[in-house]
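What follows is a short report on a single structure.
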Amino acid sequence: MSGDKAASVDVFRAFMDPLVRALERNPGCNHDDANDSALDALYSYFQKPQKYDPRKSSLITYLGQIARRRAQDRYRAASSRTLRDQDFGSLVELWSVPPNKAMETRVEVHLILEKIDQAGHSEKDKACLRLMFAGERSTDRLAEVLELMHLPQLERRREVKRNQDRLMKALKRLFEEGHDDES
């Protein structure tokens, strides 16, 4: 590579195929990954040929080590991507609700909200319950609807928690009474 423009073509022709064949023998390394890893190794060598020390190893050994590391990196990245996709897929499966269940849930929530409206709760309590049913967990958001934002942070947390507990107990009593009436 001592300044000769054609040297890179000669290096490519001499080492590309042997590198690809050697990488393909490794488990989990397909032809495309082997080809890309060999190209990466050659490109790395072309960018900084001075990093190669002929006293330490032959050029094919040097290029092979680079290519092998690149192939391992590709394999690890692909494995991580596959695991991530599987994890994401299982989460989506858990989140997705069959259409008939979604309809049932909406009807049940509607009935619950009707029952809460009839129970005589204040508008603040109803708004807080709606947020809680929607999955809201932010203390500040709940404090906002309960009109507790004027309180210091620690006291605000306590009051939001106290109100949540009070509302959950009221709901429990409301639905226990409703269950007793039906039986």
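Key figures
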{"read-out": "Condition met for Val109 (more than 16 Å from Leu171 (Cβ to Cβ), open to solvent by less than 80 Å² (accessible area, probe 1.4 Å) and not aromatic (Phe, Trp, Tyr))", "value": "no"}
{"read-out": "Members of region 141-172 found to be surrounded by 11 or more Cβ atoms within 10 Å (Cβ to Cβ) and modelled with pLDDT under 90, listed by number", "value": "Leu167, Met168, Ala170, Leu171"}
{"read-out": "Enumeration of residues in region 50-77 that are among the small types (Gly, Ala, Ser) and closer than 18 Å to Val20 by Cβ", "value": "Ser58, Gly64, Ala67, Ala71"}
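A quick yes/no check of all residues on (1) part of a helix (DSSP H, G or I); (2) more than 10 Å from Ala71 (Cβ to Cβ); (3) open to solvent by 70 Å² or more (accessible area, probe 1.4 Å):
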site: Phe12; (1), (2), (3): yes, yes, yes
site: Phe15; (1), (2), (3): yes, yes, no
site: Pro18; (1), (2), (3): yes, yes, no
site: Arg21; (1), (2), (3): yes, yes, yes
site: Pro27; (1), (2), (3): no, yes, yes
site: Asp36; (1), (2), (3): yes, no, no
site: Leu42; (1), (2), (3): yes, yes, no
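The values are calculated or read from the model by the stated rules, or taken from the named source; none is laboratory data. Computed from a predicted model, the values in this text were never measured in an experiment. Neighbour counts are summed over all protein chains in view; Cβ atoms, including those assigned to glycine, are modelled from backbone coordinates with ideal geometry. Keep in mind that these areas ignore ligands, DNA and RNA; they rest on the heavy atoms of the full protein, side chains included. Shrake-Rupley method; radii C 1.70, N 1.55, O 1.52, S 1.80 Å.
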